[in-house]
Each structure stands twice: as structure tokens, then as C-alpha cells.
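Here is the structure we will look at.
Nothing in this text is a laboratory measurement; each read-out follows from the coordinates by a stated rule. Since we're looking at a predicted model, the values are computed, not measured. Using ideal geometry, Cβ is built from the backbone for each residue, glycine included, and neighbour counts are taken over all protein chains shown.
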């Protein structure tokens, strides 16, 4: 069965703006810091690893939404959760490198980030929510996490320039229209066997996978090194 995630709780605007560090508004949850909103205009943003001696564990819902100034975001190793719509509509965002400890990427977290070209999920990712990279039209390469079990509904829908996808053998579900309209998809590298691939539960309308060349028993980590 698909996993369900716990959404980061957003505080009220009145409470949210009480706590600030540099250009970040933040809240405190479970002895960790949630970046609730970025209020600067830097093109290259470095998320701090800690604030007030507490680790930064999350990027809240809508924190960077529609930020046209943003070109790159650097995440700390303490980060575990990126919230819903956190970077949605950041049309000029080109570079993100997810830390090894990241567990959750929220609903539409990077949807409409037209300038992203490569996405590599960490091996320990637990939940990637629906529409997470929907309409990332510049995206060319995607590598799933080694332990990732689901490619969710609409997650890469309308990524019209996507050429290469690397998928681990742990994947059991490919959601509805996860790769719909990925008209440039040429290569699928799969770490399992053809028999394992045929057992994946495809929820439908993922025709680009059927037309792509599939390479089986592919060493997952070598593809990550190549596209980084």
C-alpha cells in the first residue's frame, strides 16, 4: 500500500513572524527548527544547519513558493522534511542537492520549477508526495532513491524534456500519470530484473515508459555519479 505522510503543521501568521533569523521566519517543532518563510531576495540561498542551537529539520509549506530570484538552494545535513509547495513555481531554480537524511518531499514541493535539470533522491527517502516535480519542463535526469518504494501520481507529469530515469528495484508502485506526457523519455535504467519490473503495479497512463529503452540490473549508484 502507498505510504501516507504527516504534513508539517504551519503556525499562524502572527506567530510565524515572531521568530526570525536573518531572512528566515521560523517555528519550533519537536526541538527542531522549521523554516516557514524566506523573506530575502538572494539568488543562492544556504539554509543554516541550526538556529538558536537547534537543528533545522524542515522547510515549511509554501516557504519559497513563486520565488523568481532563486537560482539554487543548499540544504543542511540536518534536514528531514520539505513541505508542500515549498519551492513550487520557483521558475529559475536550477540546482538542489538533497541531503542523505532527507525523508519526505511534500505535495507539489518543486512543481513548476522549469529550470531544474537533474534530480537525485537520497537512498533513505521515505515519502515523495504527489505532483512533487510536476511540470518541471527543463528536467532531463532523475535518479530514485535505492529504497524508494513508490513513484507517486503525477510526480513527473508534463516533464517534457525528461530523457533518463533511474529506478531502484524497491519500487513497487508507479502512480497514475506519474510519467504522463514525458515525450522525450529515452532511457530507463532499472536495478532489478525484467521479472521484477513486470511485477510493478502501474496505475495507468504512463505510456512513455513503454516506449523508452529499459536497461535491467543497472547499478543504481553509478548513474548518480554520472549526472552529478
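Label positions at residue 123 and residue 30, each projected 7 Å from the Cα along the C-beta direction, are separated by 2.3 nm. Within the listed set 196, 148, 135, the Gaussian network model of the chain (springs between alpha-carbon atoms below 10 Å) gives the highest mean-square fluctuation for 196. Take the Cα of residue 69, step 7 Å toward its Cβ, do the same at residue 18, and the gap between the two points is 2.7 nm. Under a GNM of the chain (C-alpha, springs under 10 Å), which listed residue has the highest mean-square fluctuation: 117, 143, 215? Checking each option, the largest mean-square fluctuation is seen for 215.
How high is the FRET efficiency between residue 53 and residue 77 when r is their beta carbon distance and R₀ equals 25 Å, given to the nearest 0.05? Don't jump to the answer; show the numbers that get you there.
Working: r = 16 Å, r/R0 = 0.65.
Efficiency, rounded to the nearest 0.05: 0.95.
Going from the residue with the fewest nearby Cβ atoms within 10 Å to the one with the most, 146, 213 rank 213, 146.
For the residues 30, 134, 41, a GNM of the chain with alpha-carbon springs under 10 Å puts the largest fluctuation on 30.
Annotation: the antiparallel percentage among DSSP beta bridges lying fully within the chain is about 25.
Taking the beta-carbon count within 10 Å as an exposure proxy, list 150, 65, 207, 131 from fewest neighbours to most. Working shown, then result.
Details: 150 22, 65 19, 207 15, 131 26.
With the fewest neighbours first, 150, 65, 207, 131 line up as 207, 65, 150, 131.
Here the gap between residue 195 and residue 97, fully extended at 0.36 nm per residue and compared with their Cα-Cα distance, gives a gain of 32.0 nm. Shown for 194, 29: other C-beta atoms within 10 Å of each C-beta, ranked fewest to most, produce the order 194, 29.
Once the piece of chain linking residue 207 and residue 184 is laid out straight, how much longer is it, given 0.36 nm per residue of separation minus the C-alpha distance between them? Walk me through the intermediate numbers first.
On the way: separation 23, 0.36 × 23 = 8.28 nm, distance 1.17 nm.
Result for the pair: 7.1 nm of gain on full extension.
Rounded to the nearest 500, the 222 nm mean residue ellipticity of the chain from helices alone is -2000 deg cm²/dmol, with -39,500 (n - 2.57) taken per DSSP H run of at least 4 residues.
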